[in-house]
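The values are calculated or read from the model by the stated rules, or taken from the named source; none is laboratory data. For clarity, every value in this text was computed on a predicted model and none was experimentally measured. Here Cβ is always computed from backbone atoms with ideal geometry, including for glycine, and neighbour counts include all displayed protein chains.
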Amino acid sequence: MEQRKAVVIELQSEEYFITQTCKYAGLSKSCYYYSKKITSVKPAGRPVPGFTVNRDGEIIYDEVIIKYLKEYRSSLEFNNAGGARKLSHYLAIEQKIYINHKKIYRLCNEADILLFKKSDKQKKVFVKTRCKYSDVQLPNQLWQFDLKYIWIHGENRWCFFLGFIDVVSKKITGWYVGKTCKSGDLVFTLNQAIKNENITSENPLIIRSDNGPQMSSNRFYFYLKNLEKKLTHEFIPPRSPDPRSPDRNAYIEAFNSILENEVLKVQYYKTFEEVYTSIFRFIEFYNNRRLHGSLKYRSPKMFIEGLNNGTIVPQVVAV
């Protein structure tokens, strides 16, 4: 093919018509004209250098900058705040590293530590993963979570309790009490629970919930999207098998019933602070001292210790 094109070019230089030239060379005119349009296209922009030259002339590699950015993002103050512009200012003030915010954004994107984007709110809702019956044996394989309303008698208003429970050990792995409960509160509570329980991609976790607005929010979805290797979120089908049956989320529903009967029904709450103190005290008791018949009259703490030292044999829990 290349030889034929060369023949056409040579004959063209001798002022032959293109029709005759292509006929002699055995090449179609369309192929000849198409080859003339092809030009080598260089990629847009310059290649990524992999380092930054600071104002004092020091060379700072991208790996060092990403390390600083991860340290910021892992702290409580930057867990849900601080975009690329703010991080560039923090680096300049605290680390004396001067970098354009656009490069900060690129490095955050490469390190998968970008915050939730406001523009993502315009996107359509995600496809929900329906929960399946599973067999689990060890702690931190399946958590269930749900919201509960709590009435404050003295303030004549509701507050909210959000709890995560491990279905094997019955431990409350994370909880939140507040006068409101939005998707940001759910993200923060789950994030703290994941850190406290050392959830990793080597031992991924399944979390299960109903179809509440916080659980179905875009903010919660994009938070979970960054944890796809660690976490899978399953939804309870709203109409299967029975919309009034909570059996797919039975463990957290059972805890909410225990909380209602053993704590909320026996006390009169004047203020929100009294509710918070009461629940804090009960969860400490529940995780460390309260005996469970399903754990053969052990507390969650005793059960986990028994699994760790080998005195308790893991048994299959079907959920």
Exercise. Go through the stretch 46-67 and give me each residue that's closer than 18 Å to His101 by Cβ and touching a strand residue (DSSP E or B) at 6+ places or on another chain (Cβ under 8 Å).
Key: Phe51, Thr52, Val53, Asn54, Ile60, Asp62, Ile65
Quiz item: Within the bounds of the stretch 248-257, is there any residue that is more than 17 Å from Ser169 (Cα to Cα) and at pLDDT 85 or above?
Solution: yes
Exercise. Could you please find all residues in the stretch 260-294 being more than 29 Å from the chain's Cα centre (by Cα), within 26 Å of Arg157 (Cα to Cα) and among the aliphatic types (A, V, I, L, M)?
Key: Val263, Leu264, Val266, Val275
Practice problem: Among the numbered conditions (1) over 26 Å from the mean Cα position of the chain (by Cα); (2) at pLDDT 85 or above, tell me where Arg244 comes up short. | Solution: (2)
Quiz item: Is it true that some residue in the stretch 268-275 is surrounded by 18 or more Cβ atoms within 10 Å (Cβ to Cβ), of a type in the set (A, V, I, L, M) and in the same structural domain as Gly163 (by TED's automatic domain parsing)?
Solution: yes
